[in-house]
Every structure is written in C-alpha cells, then in structure tokens.
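Chemist: Submitted below is the structure of interest, expressed as structure tokens.
The values are calculated or read from the model by the stated rules, or taken from the named source; none is laboratory data. These figures come from a predicted structure and were not determined experimentally. Because the Cβ atoms are built from the backbone with ideal geometry, glycine has one as well, and the counts that use them run over all protein chains shown. Note: accessible area is taken over every heavy atom of the protein model, side chains too, but ligands, DNA and RNA are not part of it. Shrake-Rupley method; radii C 1.70, N 1.55, O 1.52, S 1.80 Å.
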Amino acid sequence: MIERGERMEKLKENNSLRSIGRTMFYFSILVLLVLIYGFHDMSAGPFIYTEF
C-alpha cells in the first residue's frame, strides 16, 4: 500500500498536474480581479488629454 506522503510526492512530480494547477490558480486570480473591479468601464475610460 502506498503511503500518503509517497502519493503526494508522486503528485508533485507530475508536470501536467502542476501546469493544470497553476493555470487554474492564475485563472481564478484573473476572474477575481474582474469581479472586484468590474468590466463595465474597461473599454471606455476617460480621455486624459482633453485640455490640449
């Protein structure tokens, strides 16, 4: 029987699982930022140089 520590070491060495985990982590950060700041004003911000 494989112990829990050995199983965790095998999972850490699996590169495909690591890349999937990192992708999910960064995607969740991106979704969280969009939810926090919203995307209603993302495309049409105020023009800075209106006084020239």
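Chemist: First measure r as the distance between the Cβ atoms of residue 29 and residue 9, then evaluate 1/(1 + (r/R0)^6) with R0 = 25 Å and state the FRET efficiency to the nearest 0.05.
Modeler: Result of the calculation: an efficiency of 0.40.
Chemist: While we're looking at this one, here's another question. Leaving ligands and nucleic acids out of the surface, order 9, 3 by accessible area at 1.4 Å, largest first.
Modeler: Order by accessible area, largest first: 3, 9.
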